[in-house]
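Q: One structure is given below, represented as structure tokens, and several questions about it will come after.
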Amino acid sequence: MRPRPPFRFAAAFLGLVASLTAAGRPSDAKKALTPVNAYRVVQALEHNPDDYTQGLVFQEGVFYEGTGQHGQSRLRKYQYVKDKKRILQSVDLPYQYFGEGIAVLKGRVVQLTWQSQRGFIYQASDLKKVGEFSYPGEGWGLASDDKDFFMSDGSASIRVVDGDKLLNAHQYVVKRTIEVRDQGKPVPMLNELELVRGELFANVWQTDRIAVISPKTGEVLRWIDLSNLISPMLRTGQDSVLNGIAYDAAGNRLFLTGKLWPTLFQIREEPKKK
């Protein structure tokens with residue numbers, strides 16, 4: 001991902017000014033702050049430090065990971081055998097494409113690209129490409145429930161995309177848009193997404209926090225503070241940020257990693273100690 005155009009930041013700034021003005025009203029003074037939870041590391045697994053992670057999914061014992069950068073973008077399928085990573089399949093994107101978020105739905109893997117306005121559809125079984133589709137704007141994060149896709153573009157908006165039309169007709173049809181707010185303030189720079197127990201988890205680019213969002217209202221229900229999940233010594237630069245959320249629904253396990261990180265973590269969300 002790259003910084004958003006200046007007008008996006010201007011809009012976010014105006015929203016911040018408005019929220020600060022409103023905060024001075026007596027009725028808002030009593031409003032509780034959005035909860036912030038902490039975490040506990042359950043397991044640390046090896047991860048390729050050369051992978052610019054853009055999307056991460058866990059399904060039926062297998063990880064799917066999409067990476068970015070021109071000439072380094074790919075889709076991989078792998079699993080861990082006795083804590084050792086084993087690559088099952090890998091597909092490289094042509095040089096002109098900068099890979100972005102991925103999601104798995106109904107036996108298909110969907111992968112976005114950053115600025116090419118082009119998405120790819122693969123068979124989950126062997127990563128054979130079976131289709132392409134186009135969409136407006138940029139592609140950042142992607143997630144799915146049991147019928148639709150949730151797509152971010154670096155703004156405070158998440159588009160809900162019709163899953164059947166995308167997978168079967170290769171048509172990009174937006175059913176609705178979720179405007180993400182925390183205490184009424186827009187939350188821009190939404191990146192990688194994942195549905196976890198009916199809640200939408202979102203990385204926020206260049207931060208060490210995950211926003212936990214209501215898919216119905218767009219309200220941030222709580223934050224997860226992932227500060228110090230990885231040692232600063234292991235970050236290779238300003239792009240080496242938290243990005244990558246995968247949920248194992250069967251085992252109720254949450255996995256996180258980052259761009260150019262050497263480790264993939266299984267964590268457990270916990271209340272923050274006072």
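The values are calculated or read from the model by the stated rules, or taken from the named source; none is laboratory data. Note that the structure is predicted; figures quoted are calculated from it, not measured. No Cβ is skipped: glycine too gets one built from the backbone with ideal geometry, and neighbour counts run over all protein chains shown.
Q: Checking the structure you have, find out if any residue of segment 223-245 is more than 17 Å from Leu45 (Cα to Cα), out of contact with any Asp or Glu (no Cβ under 8 Å at 6 or more places or on another chain) and of a type in the set (Ser, Thr, Tyr).
A: Within segment 223-245 (the criterion being more than 17 Å from Leu45 (Cα to Cα), out of contact with any Asp or Glu (no Cβ under 8 Å at 6 or more places or on another chain) and of a type in the set (Ser, Thr, Tyr)), the answer is yes, since at least one residue qualifies.
Q: Within segment 49-61, how many residues are at negative phi and either in a strand (DSSP E or B) or touching a strand residue (DSSP E or B) at 6+ places or on another chain (Cβ under 8 Å) (or both)? Step through it out loud before you land on a result.
A: Of the residues in segment 49-61, the ones at negative phi are 49-59.
Filter again for either in a strand (DSSP E or B) or touching a strand residue (DSSP E or B) at 6+ places or on another chain (Cβ under 8 Å) (or both), leaving 51-59.
The total comes to 9.
Q: Test Tyr64 against the criterion of being aromatic (Phe, Trp, Tyr), surrounded by fewer than 15 Cβ atoms within 10 Å (Cβ to Cβ) and at pLDDT 90 or above, and give yes or no.
A: Values: aromatic (Phe, Trp, Tyr): yes; surrounded by fewer than 15 Cβ atoms within 10 Å (Cβ to Cβ): no; at pLDDT 90 or above: yes.
The answer is no for Tyr64.
Q: Considering only segment 93-103, I want to know if a residue exists there that is more than 21 Å from His70 (Cβ to Cβ), modelled with pLDDT of 95 or more and in contact with a helix residue (DSSP H, G or I) (Cβ under 7 Å, 6 or more places away or on another chain).
A: For segment 93-103, residues more than 21 Å from His70 (Cβ to Cβ), modelled with pLDDT of 95 or more and in contact with a helix residue (DSSP H, G or I) (Cβ under 7 Å, 6 or more places away or on another chain): absent.
Q: Additional query: Could you list all residues from segment 144-167 that are outside any strand (DSSP E or B), of a type in the set (Asp, Glu) and more than 11 Å from the chain's Cα centre (by Cα)? First the steps, then the outcome.
A: Taking segment 144-167 and keeping what is outside any strand (DSSP E or B), we get 145-147, 153-156, 163-167.
Going one step further and asking which of them are of a type in the set (Asp, Glu), we end up with 145-146, 153, 164.
Correct list: Asp145, Asp146, Asp164.
Q: Going through segment 62-105 one residue at a time, which ones are part of a loop (DSSP other than H, G, I, E, B) and closer than 15 Å to Lys128 by Cα? Spell out how you get there, then give the answer.
A: Narrowing segment 62-105 to residues part of a loop (DSSP other than H, G, I, E, B): 68-73, 82-83, 93-98.
Passing the criteria: Leu93, Pro94.
Q: Right, something else. Which numbered condition in (1) over 18 Å from the mean Cα position of the chain (by Cα); (2) closer than 18 Å to Arg74 by Cα is the only one that Trp261 fails?
A: Every condition holds for Trp261 apart from (1).
Q: Within segment 40-52, does at least one residue satisfy the condition of being within 30 Å of Ala169 (Cα to Cα), hydrophobic (A, V, I, L, M, F, W, C) and at pLDDT 95 or above? Full working, then the answer.
A: In the first step, residues of segment 40-52 are kept if they are within 30 Å of Ala169 (Cα to Cα); the result is none.
Within segment 40-52, none of the residues are within 30 Å of Ala169 (Cα to Cα), hydrophobic (A, V, I, L, M, F, W, C) and at pLDDT 95 or above.
Q: Here is a follow-up. Taking the condition of being touching a Lys or Arg at 6+ places or on another chain (Cβ under 9 Å) and either surrounded by 14 or more Cβ atoms within 10 Å (Cβ to Cβ) or hydroxyl-bearing (Ser, Thr, Tyr) (or both), how many residues in segment 76-91 meet it?
A: The first filter runs over segment 76-91 and keeps only residues touching a Lys or Arg at 6+ places or on another chain (Cβ under 9 Å), leaving 78-80, 87-91.
Right, trim to either surrounded by 14 or more Cβ atoms within 10 Å (Cβ to Cβ) or hydroxyl-bearing (Ser, Thr, Tyr) (or both) and you get 78-80, 89-91.
Summing the residues that are touching a Lys or Arg at 6+ places or on another chain (Cβ under 9 Å) and either surrounded by 14 or more Cβ atoms within 10 Å (Cβ to Cβ) or hydroxyl-bearing (Ser, Thr, Tyr) (or both) in segment 76-91 gives 6.
Q: Okay, next question. Could you run through segment 160-193 and say how many residues are closer than 23 Å to Asn243 by Cβ, touching an Asp or Glu at 6+ places or on another chain (Cβ under 8 Å), surrounded by fewer than 21 Cβ atoms within 10 Å (Cβ to Cβ) and without any contact (Cβ under 8 Å) to a residue 60 or more places away in the chain?
A: Summing the residues that are closer than 23 Å to Asn243 by Cβ, touching an Asp or Glu at 6+ places or on another chain (Cβ under 8 Å), surrounded by fewer than 21 Cβ atoms within 10 Å (Cβ to Cβ) and without any contact (Cβ under 8 Å) to a residue 60 or more places away in the chain in segment 160-193 gives 2.
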